[in-house]
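Written out below as structure tokens is the structure these notes cover.
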Protein chains: 4
Amino acid sequence: MNYRAVSKDTLIAFFDSEFPNNALTIESVGDKKACIRRTPKQEDLRPGNTVSGPFMMSIADTALYVTILAELGLVALAVTTSLNFNFLRKPTANADVVAKCTLLKVGRKLVVGEVTLYSDGDERPIAHAVGTYSLPS
Amino acid sequence: MNYRAVSKDTLIAFFDSEFPNNALTIESVGDKKACIRRTPKQEDLRPGNTVSGPFMMSIADTALYVTILAELGLVALAVTTSLNFNFLRKPTANADVVAKCTLLKVGRKLVVGEVTLYSDGDERPIAHAVGTYSLPS
Amino acid sequence: MNYRAVSKDTLIAFFDSEFPNNALTIESVGDKKACIRRTPKQEDLRPGNTVSGPFMMSIADTALYVTILAELGLVALAVTTSLNFNFLRKPTANADVVAKCTLLKVGRKLVVGEVTLYSDGDERPIAHAVGTYSLPS
Amino acid sequence: MNYRAVSKDTLIAFFDSEFPNNALTIESVGDKKACIRRTPKQEDLRPGNTVSGPFMMSIADTALYVTILAELGLVALAVTTSLNFNFLRKPTANADVVAKCTLLKVGRKLVVGEVTLYSDGDERPIAHAVGTYSLPS
């Protein structure tokens, strides 16, 4: 399979079409990196003025997927094989979660990347993830 | 802090009170193990007749939490510090996800456990997780 | 590539030939499981009557490799792509380390397994690992 | 317990005293980061002109330990509780392994950091690790 990087606009159109309710903002892509953000909904909040773990895990996985698609093209069949999370600080409920991803390896079969999550406006990371995607052969 | 194991009924009442919409069934608890299940909602399904990653990650984290509460009592302030997931097989959309958790270590500061996920009715695991919770001092 | 399970004796001969100084005892293999043990050398011990982390990580990785070879045959080119360790209790210096591995998934491209480590004679786990091997295509 | 950052020279003296055969070069420390290097010995090499996994895992763990000591002082009782490794590319046998560590969180009970490993002279990472240390209370 031949892979080819795609633009931010192509990615945005792809996500709007495939995941109509994604509520995702793709801020930047390119050079094996991407930055995305998402606003927690009411159902993503938790007592104590914080954001749910699944919301954070979901945006980390999505950030990895966006970065892979930006690098390789619309490889819709890429699937997550592993994700490792460390939860570092309590997120803020009334702030977007921002996810910055960098790919560490783009192989023929596997892609590995790391993601750091932030509450918008605070430079201290709230969580860190490392994930692996398997590419279709 | 003194910890004391609690019964399945106490746990069910706790979850119904604290998380009214949890849609969680606690099947068994005890001896540092627990088994829970949850039915995916429409919003947890994904194209290709499968279940979303965040749904699986969420039930794995919950299984760990249930097992810790069963072992130590209602330690509401226990927080997840790390989770490591391996996605093994495509889950089935029209089956409950069943999560079986075993605690590997119950320390004074940290609890470590592993969770295996299944699509109900199939004995092959769909995902495996290892997680760490930090206990309040 | 065609894979075929091999016997414990074949595995022992393979390890003796390929890794002459491995100091490894293969206790049992079969049914996607294996149990191995290794005696720590002087250089593997650490102050405080314990065993080094690298020794534990090495035997966990080896246990996974042995189990994969037992299941698939002598796939010499299988390589570790990820390993996740949790250190649970202080090992005992004057005891063998015993590693019990179970494969969670044997796919065409990836094999995932978990390993629990013990100090011989104590049933409480000292460490737990989950690892992924990539198979040659 | 009160913690206080220490200098590179203090750290070098500490490692020379505590681990006389460590063969470790501490290149830089400070600002929650450190860079160390180590030359693989004959016993750390593997067929195919490469370096053993345990050698890489060991230097990653050491890099985390050095960075923590630099940040917090000589907390000799800090212990590794988890390590997650991704092996990205085959290392080169005849090059030092260089480990660059950044702490993601320095809490009262836990420190989390990430480490990227390189074969000296090649800017593509050979492995990536995320680890957690528990601090004495």
So which of B:S28, B:S17, B:S58 ends up being assigned to a helix (DSSP H, G or I) and either at positive phi or surrounded by fewer than 20 Cβ atoms within 10 Å (Cβ to Cβ) (or both)? B:S17
Does B:A78 meet the test of being under 20 Å from C:N86 (Cα atoms), surrounded by fewer than 19 Cβ atoms within 10 Å (Cβ to Cβ) and within 14 Å of chain A (Cβ to nearest Cβ)? yes
Tell me yes or no: at least one residue of the range D:64-80 is over 30 Å from B:S137 (Cβ atoms) and modelled with pLDDT of 95 or more. no
In the range D:104-121, which residues are closer than 25 Å to D:V51 by Cβ and within 13 Å of chain A (Cβ to nearest Cβ)? D:G113, D:E114, D:V115, D:T116, D:L117, D:Y118
Looking at the range A:29-43, which of its residues are touching a Lys or Arg at 6+ places or on another chain (Cβ under 8 Å) and under 16 Å from A:L117 (Cβ atoms)? A:K33, A:A34, A:C35
What do you reckon, is D:A93 more than 14 Å from chain C (Cβ to nearest Cβ), over 18 Å from A:H128 (Cα atoms) and touching a residue at least 12 places away in the same chain (Cβ under 8 Å)? yes
Residue list for the range B:99-137, filter: basic (K, R) and in contact (Cβ under 8 Å) with a residue 40 or more places away in the chain: B:K100
Suppose the filter is over 15 Å from the mean Cα position of the chain (by Cα) and of a type in the set (D, E, K, R); does A:K100 pass it? no
Give the residues of the range A:31-48 that are surrounded by 12 or more Cβ atoms within 10 Å (Cβ to Cβ) and at negative phi, sorted by residue number. A:K33, A:A34, A:C35, A:I36, A:R37, A:R38, A:T39, A:P40, A:D44, A:L45, A:R46
Restrict the check to the range A:64-74 and report whether at least one residue is crowded, with 18+ Cβ neighbours inside 10 Å and within 13 Å of chain B (Cβ to nearest Cβ). yes
Given the criterion within 12 Å of another protein chain (Cβ to nearest Cβ) and either touching a Leu at 6+ places or on another chain (Cβ under 9 Å) or free of Cβ contacts under 8 Å to residues at least 40 places away in the same chain (or both), identify the matching residue among B:I59, B:I36. B:I59
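The values are calculated or read from the model by the stated rules, or taken from the named source; none is laboratory data. Nothing here was measured: the structure is a model prediction, and the numbers come from that model. With ideal geometry, Cβ positions are generated from the backbone for all residues, glycine too; neighbour counts draw on all protein chains shown.
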